[in-house]
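Notes to accompany the following structure.
Every number in this text was worked out from the coordinates using simple rules, so none of it is lab data. In this text the structure is predicted, and so the values were computed from the model without any measurement. Neighbour counts run over all protein chains shown; Cβ positions are idealised from the backbone, glycine included.
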Amino acid sequence: NINEIPKDEGIDHSFALLKEGYEYILNRRKNFQSNIFETRILGRKAICIGGKEAAQLFYDDTKFERQDAAPNRVIETLFGKNAVQTLDGKAHLHRKRMFLDIMSKEKINEFLDIVKIEWEKALDEWSRKSEIVFYEEVKALLCKASFKWIGYPVHEDNAERLMNELGAMFETPVAFGPQHWMGRMKRNQMEKKMTELVERIRSGEVQVQPDSILHQFVFYKEMDGNLLDAETAAVEIINVLRPVVAISIYINFIVMALAQFPHERAKLKQHPDYAILFVQEVRRFYPFFPFVLAKVKKDFTWNNFVFQKGTLVLLDIYGTNHDPDLWEHPDEFRPERFANWQDDHFSLIPQGGGISETTHRCPGEKLTIEMMKFALDYLLNKMDYEVPEQDMYIAMNTIPSIPKSKVVLTNVKRVR
Ligand code: HEM
């Protein structure tokens, strides 16, 4: 008994994807009343799936693989060549350890200690200004913190330059869609410098602390016992720095949520345990990653639908977080929904699904959540500010989804 997969008819739907952005897959899932449909995007046939059951399927690595799943230009810009995102099986697990090893409680606390110092310094500066663009400020702050966290040894002026390049890698709001998708990221320059740094550390010309993240990455061995080639080591170091800085996007969503839903403030103030519910809801509610990509590893059927080897599959991240079958009133901001919530690893998937030790799920989730809780505490209890009239519109078809005004704050003061 074979079911036919509903089809989004037409030659290519890259334009619709471009126009509808985050909602492209969910809109069609609703229209077809199906958690699976076929389309043509990225120049080839693709199957889009969404929802919990689909996420469970997608993270079954006997059925899907990542190698050659993403188009080359995405790899060359967003991930970097030979990055952990493109690996499968044992090679993936081995490389993944490198990231998981730096996510211990101690390392995350070290990160928060560094951020605290930077945030305090920044707060002094913000207090002296009448107005700040919060997105830019937090990005700069996290840039500095991320370099310190990995143990980057260069002088301040040099670090400053690298910092700007790193920001540029995801800062420019790019049109949604394959042609533009992160295409303008200034990856090459950054990779080149980082590769040089890896080589200089290996040759002993530059010294780094033996217990630093940088040292761990620079001297990490492949399964065959050889060091990673310098370029790949550089790619993976950037794979830590770039997303740490990208947490600035979530921190801005926190400010937006506090402004858009002011009644949440009292609940947060009264119940300290409410913070985690609020943070989870921010991660569920606001758009960040639209979807993830994989390729069918071997022919199989699922719910009587045929998946052919080599077919590109997109898992709907945004739409699963807004799936009406999983979330009551998905388009309402309701942190309470997480009060008695049981994490099944496949319903709340802003940073991927499954278990990060064994799937491609983001290794940085704990750090992201802790950083968000930290920022929420500052915004709520340690600083006063006003949010003047501004356009906080988030376009659903640009990635990353940065509010138009980049969140302007006025009269920022330290609470004493
Ligand atoms: C993977 C989102 C923060 C490092 C991913 C994936 C998503 C994601 C959607 C892909 C999952 C998949 O392919 O199935 C986010 C978001 C973040 C964030 C929204 C918030 C800013 C971080 C942080 C790190 C990090 C702080 C720091 C180390 C990575 C790496 C991967 C990844 C290395 C690839 C993992 C793999 O392929 O096995 N992230 N992430 N991310 N993330 Fe994050």
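Structure data summary
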| read-out | value |
| --- | --- |
| Using a Förster distance of 22 Å, the FRET efficiency for residue 121-residue 267 (Cβ separation, nearest 0.05) | 0.10 |
| Cα-projected label distance for residue 105 with residue 44, points at 7 Å along beta-carbon direction, nm | 4.5 |
| Cβ-Cβ FRET estimate between residue 222 and residue 384, R0 fixed at 56 Å, reported to 0.05 | 0.65 |
| Residues residue 416 and residue 11, FRET efficiency given R0 of 45 Å [Cβ-Cβ distance, rounded to 0.05] | 0.10 |
| C-alpha center-to-center spacing [the range 216-293, the range 347-416] in angstrom | 8 |
| The chain - share of DSSP beta bridges that are antiparallel (%, nearest 5) | 80 |
| Residues with amide H under 5 Å from that of residue 316, placed H, sequence gap 5 or more | 49, 50, 51 |
| Debye-sum result for the range 14-414 in log10 I(q)/I(0), which assumes one identical scatterer on each alpha carbon, at q = 0.07, 0.11, 0.14 Å⁻¹ | -0.32, -0.83, -1.37 |
| The chain: DSSP helices with Cα axial extent of at least 20 Å and average Kyte-Doolittle hydropathy no lower than -1.0 | 105-128, 134-150, 156-171, 230-260 |
| The chain, relative contact order [Cα under 8 Å, separation at least 6], % | 26 |
| Length gained when the stretch residue 4-residue 32 is fully extended (0.36 nm per residue, less Cα-Cα span) | 8.9 nm |
